[in-house]
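Engineer: Dropping the structure in here first, questions after.
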Amino acid sequence: MSDWQPPAPLPSPSRRRVKGALSGSLLFEQPAHRAEADAVLAFLEGPDPVAVEVGVDHGTVLIDHARRTPTWRWLGLEIRKRKVAKAQPHAPPNARLWAADARSVFASVFADHSVDRVDILFPTPVTNPRHMLLTDAFVADLARVVRPGGVVTVATDVAPLFTWTCDRFAGWREAEPPERGPVRSRRERVCVRDGLAVQWGHWRPPVASSEAGGTPTA
Ligand SMILES: C[S@@+](CC[C@H](N)C(=O)[O-])C[C@H]1O[C@@H](n2cnc3c(N)ncnc32)[C@H](O)[C@@H]1O
């Protein structure tokens with residue numbers, strides 16, 4: 001995958017009409033899906049800091065994080081419904097998995113400055129522009145949703161994808177890596193096994209330093 005190239009961006013992307021695997025952001029205007037979104041928002045409500053992991057796969061990293069930091073709320077987003085259905089029964093009370101497209105959720109579900117931490121571990125190096133996660137529109141939604149003191153983390157073993165990602169976060173500030181536990185994601189375990197170099201980026205939203213608050217430790 002070292003020869004990965006970013007797919008050409010879609011013409012005139014609309015932030016409100018994100019095309020995704022689960023029918024885009026207008027999905028949440030349909031009553032059944034709105035109810036699902038409201039249930040997730042109710043789960044996240046309250047004083048606890050909120051972490052979101054995008055593309056949780058089996059959910060093992062998310063569940064480990066949630067067990068070790070019970071004072072945080074952990075939400076895992078994953079487009080593959082079967083993975084979510086298998087993982088959810090193992091989640092502690094402060095963790096929830098949701099079969100939803102992260103692009104749609106960040107575009108139209110989360111309130112401004114409502115999330116403290118976002119982990120994007122090994123995003124798929126797609127070639128179809130419709131499936132591209134780390135677009136300018138998605139990063140703009142992250143900037144709106146993540147609190148000024150919050151942190152977005154991206155890990156990848158695909159060097160050109162890391163370069164692409166760093167370009168998307170060019171206006172952000174570099175951050176310290178947030179805490180993580182001993183459990184590694186499936187892709188990270190493959191990288192360790194095969195000796196593949198992994199690159200990590202940690203960024204805080206682009207706001208004036210006087211506005212930035214600290215992030216709770218997790
Ligand atoms: C390459 S896999 C990495 C899985 C896991 N994070 C790991 O490190 O092993 C990418 C994951 O992201 C999920 N995914 C891709 N696009 C997504 C999106 N827009 N929203 C939520 N999940 C997405 C895929 O279904 C897949 O599970």
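Engineer: For the stretch 33-48, what does the Karplus curve 6.51 cos²θ - 1.76 cosθ + 1.60, with θ = phi - 60°, yield as ³J(HN,Hα) per residue in whole Hz, taken in order and with x for Gly and Pro?
Structural biologist: 6, 4, 5, 4, 5, 5, 5, 5, 5, 5, 4, 7, 5, x, x, 5
Engineer: Using only DSSP helix segments of four residues or longer, with each worth -39500 (n - 2.57), what per-residue ellipticity at 222 nm results for the chain after dividing by its residue count and rounding to 500?
Structural biologist: Helix-only estimate at 222 nm: -8500 deg cm²/dmol.
Engineer: Counting only DSSP beta bridges with both residues in the chain, tell me the antiparallel percent, nearest 5.
Structural biologist: Of the beta bridges lying entirely in the chain, close to 25 percent run antiparallel.
Engineer: Residues with beta-carbon under 10 Å from that of residue 49, excluding residue 49: net charge, scoring Lys, Arg +1 and Asp, Glu -1?
Structural biologist: Value of the local net charge: +1.
Where a number appears in this text, it was derived from the coordinates with a stated rule and is not lab data. Every value quoted in this text rests on a predicted model; they were computed, and no experiment measured them. Positions of Cβ are generated from backbone atoms using ideal geometry, with glycine treated the same way; all protein chains shown enter the neighbour counts.
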